[in-house]
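Please treat every number below as a calculation from the coordinates, not as lab data. Model, not experiment: these values are computed from the prediction. Cβ sites come from the backbone with ideal geometry, for glycine too, and all protein chains shown count toward neighbours.
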Amino acid sequence: MRKISGRAIPPATLPAIAAMIAVTLTASCGARHDPAAAGDPPPAPHAIISLSATGTEMLYAIGAGRQVRAVDKYSDYPPGAPRTSMSELTANVEAIAARRPDLVVIDSEAAPSLAKQLAGLRIPVLVLPAAANLADVYAQLAELGRATGHLEQARAEERVIRTQIAAIVASLPHRSKPLTYYYELTTNFYSVTSGTFVGRLLGLLGLESIAGQASGAGVAGGYPQLSAETILKADPDYIFLADTICCRQNAGTVAARPGWRLLKAVRQDHVVRLNDDIASRWGPRIVDLLRTVAAALRHGRGRP
């Protein structure tokens, strides 16, 4: 089972991944139910259930971790989060209700159906759709802050993220021409364009995806499936592997692919291993993703 951008992707369904990601990762303006939106903030919840891996990371980052009663099975960070076998994709409303939550955090995969069922049981719901840009990240931190009674901590976390990103960007030399990259989500060559959330992040570092020129990139919502021939022809400066955990990819496995040893990125040791989970979420650890990429750019080497 693979998680991409907070969602579980069974290997058998990978051929449909582009269509699904296009829906979920461009839904930054999706429906939200904010418990604090109608007036004065309600009492801070003390029994939160998070069915969103990114939501879980955000909750702990803003100091609401002690209020979290349970998280889904994909919420593997921070390590101390109370993981369960629950999943937003196969959520059992009765099982959720049995835990007596006073706030459930989900993302857009199960909304609005799950949100509607929980609302029918008078359980407050906060929906955090996948972010399309950094503004969405900061807005969601604020939403969680208002909903949990940690608005000031959420604002402080936003300032920390902004400061860290600015420092990372400033640590790299300005380039008149962007470096190109191939960002690998799966071994059957699903990738990201520069217009996606990840693409925009890497754009801050002077990088441009080769996937933007691929046939069907627009239809796939910015997550097209490339061909090996397309990648070989583009000959990117860097290759970023976001399938190192799920698919055990590294510089060696990439070089062993037919014809790939001749790629500039392979010859110059510009194959960079990323943590799959960090690379597929839009929470505070986007800073870690940028640090990893920036370090590779500064040293001119990948991490085999």
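In plain terms, the bigger the Kirkwood radius, the slower the diffusion; for the stretch 177-299, with that radius from Cα pairs, at 20 °C and 1.002 mPa s, Stokes-Einstein puts D at 151 µm²/s. Compute the distance from the alpha-carbon center of the stretch 281-300 to that of the stretch 197-238, in whole Å. Each part's Cα centre sits 18 Å from the other's. Database remark: amide H of Tyr238 closer than 5 angstrom to the amide H of Thr180, Tyr181, Tyr182 (H placed geometrically; neighbours at sequence offset of 5 or more, or on other chains; Pro and chain starts carry no H). Relative contact order of the stretch 177-299: 24 percent, from C-alpha pairs under 8 Å at least 6 residues apart in sequence. Report note on the peptides 172-178, 235-241, 117-123: ranked by the mean count of other C-beta atoms within 10 Å, highest first, their order is 235-241, 117-123, 172-178.
The shape of the stretch 207-276 can be summarised by an equivalent ellipsoid whose semi-axes, obtained from the alpha carbon gyration tensor, come to 20, 15, 11 Å from longest to shortest. For Leu59, neighbours were defined as the other residues whose beta-carbon sits under 12 Å from its Cβ, and their charges (Lys and Arg +1, Asp and Glu -1) total -1. Note on the stretch 31-168: Rg/Rh from Cα positions, Kirkwood definition for Rh, rounded to two decimals, is 0.95. Dividing the Cα radius of gyration of the stretch 242-304 by its Kirkwood radius returns 1.00 for Rg/Rh.
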